[in-house]
Amino acid sequence: MVGAAEEAQLNRLESQVDNGGGGAREYLCLVRKLKARRSEKVLKHGLSILNDPKSRSRLAGDEWTLYEQVAVAAMDCQRLDVAKDCVATLSKKFTGSLRVGRLEAMLLEAKGAWADAEKAYARLLEDNPLDEVMHKRKVAMAKARGNISAAIDFLNKYLEIFMADHDAWRELAEIYVSLQMYKQAAFCYEELILSQPTVPLYHLAYAEVLYTMGGLENLQAAKKYYASTITLTGGKNTRALYGVCLCSVAINQLTKGRNKEEKESSELQSLAAEALLKDYKHRAPEKLPLLTAMLKNMKARPLILIFFSKK
């Protein structure tokens, strides 16, 4: 993921190149380094270098890397003629290269020749079964064809080999959520939390899956993960604050008559409601009446009265 400082640096350099200030090569190198998706700019500025013999000669060993970068950008922009020329140049220079073979398979994919692309990836994976990019291309291709069951199958097989790939676990979780397969999605988020316990996004997503599944045990767990999200974000995650309130109300309804559980749930709900009121008062005071009405409906009225009496 590109950080704010890196994004700003990339934007400054892009503006400089677009306005004729030079630095195209540095810009393209930074795009590669950050793995940013700027296909139109890469195609434009990359071609300007490759089509100029003098500029191309200054690239030395980076010339072939740039051909690859422009080929991928051209496929993304559906400039298949440019992509074909770049791949052909690379194929002539590196005959039998696995990396070039991968580009050839991607070109087939870009053309919509799904069957041929699938055969090409299968053939390449026989020689190199640990190539992450080709496994991911198979997943992308299945999704592009609308074959979600195949995408799930490919992702599961991929994760059997590359268990530490957080992006793959998250993608699989999101697919399961879209199919309302919440137990499977919950398992994916559990894996993410185990491997990256300080990422609040995973705690929040897991809490929402548990809340959606419902039931007392799931609601209690959801409330805990909403609370951990609040802790990890320094109390600034509005979605998690709402989640605590909703879970507390649902738990109170299910545990009516169990005084201890009702009390604990109400206390946490009151704290979350107070944080929401303060946040809205500071950032969106015009929406405070809407929040007040909603919290009253969620039985947070006693807290609201106390809060406004302090103003």
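The values are calculated or read from the model by the stated rules, or taken from the named source; none is laboratory data. The structure displayed is predicted, hence computed values, not measured ones. Please note: Cβ atoms are built from the backbone with ideal geometry, for glycine as well, and neighbour counts cover all protein chains shown. For accessibility, only protein heavy atoms count, side chains too; no ligands or nucleic acids. Shrake-Rupley method; radii C 1.70, N 1.55, O 1.52, S 1.80 Å.
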Item to check | Taking the chain and dividing mean pair separation by its residue count, relative contact order in percent (alpha carbons under 8 Å, at least six apart) | outcome: 6
Checklist entry - Using mean Cβ contacts within 10 Å as the protection proxy, how do 43-55, 204-216 order, highest first? => result 204-216, 43-55
Checklist entry - If you put +1 on each Lys and Arg Cβ and -1 on each Asp and Glu Cβ, how big is the dipole of the chain around its Cα centre, in Debye rounded to 20? => result 1020
Item to check | Apportionment of accessible area to carbon and sulfur, the chain, percent (1.4 Å) | outcome: 53
Checklist entry - When only the heavy atoms of the protein chains count and the probe is 1.4 Å, how do E14, E126 rank by accessible area, highest first? => result E126, E14
Checklist entry - Past the 24 Å Cα-Cα mark, which pairs from K236/K281; K41/K157; K54/K111; K183/K224; K119/K157? => result K41/K157; K54/K111
Item to check | R0 of 30 Å, Cβ-Cβ distance E26-H166: FRET efficiency to nearest 0.05 | outcome: 0.50
Next on the checklist: Quick check on the chain: helices-only [θ] at 222 nm, where DSSP H runs of length 4 and up contribute -39,500 (n - 2.57) each and the sum goes over total residues. Nearest 500, please.
Outcome noted: -25500 deg cm²/dmol
Next on the checklist: If packing is taken as the average count of other Cβ atoms within 10 Å, what order do 58-64, 28-34 fall into, highest mean first?
Outcome noted: 28-34, 58-64
Checklist entry - Hey, which aspartates and glutamates would be in cross-link range of K84, C-alpha to C-alpha under 12 Å, not counting anything within fewer than 8 residues on its own chain? => result E68, E104
